[in-house]
1. Could we say that residue B:28 is at pLDDT 95 or above and within 30 Å of residue A:219 (Cβ to Cβ) here?
2. Checking residue A:80 against (1) free of Cβ contacts under 8 Å to residues at least 60 places away in the same chain; (2) loosely packed, with under 15 Cβ neighbours inside 10 Å, only one condition comes out false. Which one?
3. Can you tell me how many residues within the stretch B:1-32 are surrounded by 12 or more Cβ atoms within 10 Å (Cβ to Cβ) and in a helix (DSSP H, G or I)?
4. Pairs please, first residue from the stretch B:10-39 and within 11 Å of chain A (Cβ to nearest Cβ), second anywhere and assigned to a loop (DSSP other than H, G, I, E, B), Cβ atoms under 7 Å, 6+ apart in sequence or on different chains.
5. Return the total of residues in the stretch A:177-199 being within 12 Å of chain B (Cβ to nearest Cβ) and crowded, with 17+ Cβ neighbours inside 10 Å.
6. Given the criterion modelled with pLDDT of 95 or more, away from chain B (no Cβ under 11 Å), surrounded by fewer than 20 Cβ atoms within 10 Å (Cβ to Cβ) and in a helix (DSSP H, G or I), identify the matching residue among A:63, A:57, A:90.
7. Given (1) in a loop (DSSP other than H, G, I, E, B); (2) touching a residue at least 24 places away in the same chain (Cβ under 8 Å); (3) on the phi < 0 side of the Ramachandran plot, where does residue A:152 come up short, assuming only one miss?
8. Pairs please, first residue from the stretch A:206-235 and at positive phi, second anywhere and crowded, with 22+ Cβ neighbours inside 10 Å and modelled with pLDDT under 95, Cβ atoms under 8 Å, 6+ apart in sequence or on different chains.
């Protein structure tokens, strides 16, 4: 390489050496690129999915609530008889939202049918296990949600206490559940989703809700499971549960 | 690799830098919108369902 050429083509001047060194340089650049991509993945996973997930969840809640019939802002009669039958939703359809006063008045998440990652759980929804029952129904209304990343709906699972309320609203009614049990299981222990949680062969007698999320954080080793039982329900056209009104008033 | 890219881009340094900036933004967008979302369910980081 001539001296005169060097200033115009600095890259060539620097490379100067053997072919082997050039290959090593390319390898180094590839490794640095891989490192940057992995770092970007961490940023995406830890930070960005919460940003986009929360935005998506808010939009889903707003879009769903616009379709809901009005529910007067007054306490409705708590009922414990047979609630209305909820129609089975299509896969991916938003059919409910949920509230957990323990997690704050701002915490409201949309519930969609199915537990697929791309279409439901990673898209700003809590997912309903399709093989389980519907809200208010005798059996088990079982939900899955992220505990970290993708707006982490169930991040506060470790703060839930026995007796805490979980409220589900559909187009027909408000369902108020009370937390009865909080435990950690292996990912294979699907019996927690059974109509009588823990007893797959038993005939269901109670109206249960189940939340599943991951445990420990950033691990697939176990699942944190919350069970609850229906305390009462309120017809939408009559009003709202006292728990919702208390939560909104702070 | 990047040296080769730099030498083969047209225009003065400012234009080359702009082209690379746009390309970098496009690559990050592709990773964030397509590659990472498709990859995440395959990784043992945040699975929460029972199966």
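1. Taking the combined requirement at face value, the residue satisfies it.
2. Among (1) free of Cβ contacts under 8 Å to residues at least 60 places away in the same chain; (2) loosely packed, with under 15 Cβ neighbours inside 10 Å, residue A:80 violates only (1).
3. So the count comes out to 16.
4. B:37/A:118
5. Looking only at that region, the number is 7.
6. Only one candidate passes the filter, namely A:63.
7. Answer for residue A:152: the failing condition is (3).
8. Sorted first by the residue in the stretch A:206-235, then by its partner, the pairs are A:218/B:46.
The values are calculated or read from the model by the stated rules, or taken from the named source; none is laboratory data. On a predicted model such as this, the values are computed, not experimentally measured, just so you know. Positions of Cβ are generated from backbone atoms using ideal geometry, with glycine treated the same way; all protein chains shown enter the neighbour counts.
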